[in-house]
Amino acid sequence: MIRRLKKVRAEDIGPNSVLAVFDEYYRVRKVSYRGGRTTLYLQEESEPLRYFVKNDIIEVTVPNGLGIDVEVTA
């Protein structure tokens with residue numbers, strides 16, 4: 001499967017976006033903004049998006065302006 005990615009600023013990423021971390025793909029469950037930083041709560045890509053069910057695998061905090069490759073859906 002070929003995945004198309006585009007670079008997006010961290011502060012522009014929203015829930016249900018899919019992104020890669022060390023060549024593994026994860027779905028963004030929740031996003032939190034504090035000061036100049038964005039925290040992304042990631043769950044397995046195969047899991048359905050459920051905002052109120054905490055099944056996060058990774059929590060990462062990055063500067064708002066950091067460019068992150070996000071999967072483009074057709």
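The values are calculated or read from the model by the stated rules, or taken from the named source; none is laboratory data. Remember, predicted model here, so these are calculated numbers, not experimental data. In this analysis, Cβ positions are derived from the backbone assuming ideal geometry, glycine residues included, and neighbour counts consider all displayed protein chains. What goes into the accessible areas is simple: the full protein's heavy atoms, side chains included, and nothing from ligands, DNA or RNA. Shrake-Rupley method; radii C 1.70, N 1.55, O 1.52, S 1.80 Å.
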*Mind checking which residues of segment 27-54 are among the hydrophobic types (A, V, I, L, M, F, W, C) and farther than 16 Å from GLY14 by Cα?*
VAL53
*Do we have any residue at all in segment 15-25 that's at pLDDT below 90, aliphatic (A, V, I, L, M) and in contact with a strand residue (DSSP E or B) (Cβ under 9 Å, 6 or more places away or on another chain)?*
yes
*Residue by residue through segment 31-54, note down the ones that are open to solvent by 40 Å² or more (accessible area, probe 1.4 Å) and either touching a strand residue (DSSP E or B) at 6+ places or on another chain (Cβ under 7 Å) or among the acidic types (Asp, Glu) (or both).*
GLY36, ARG37, GLU44, GLU45, GLU47, LEU49, TYR51
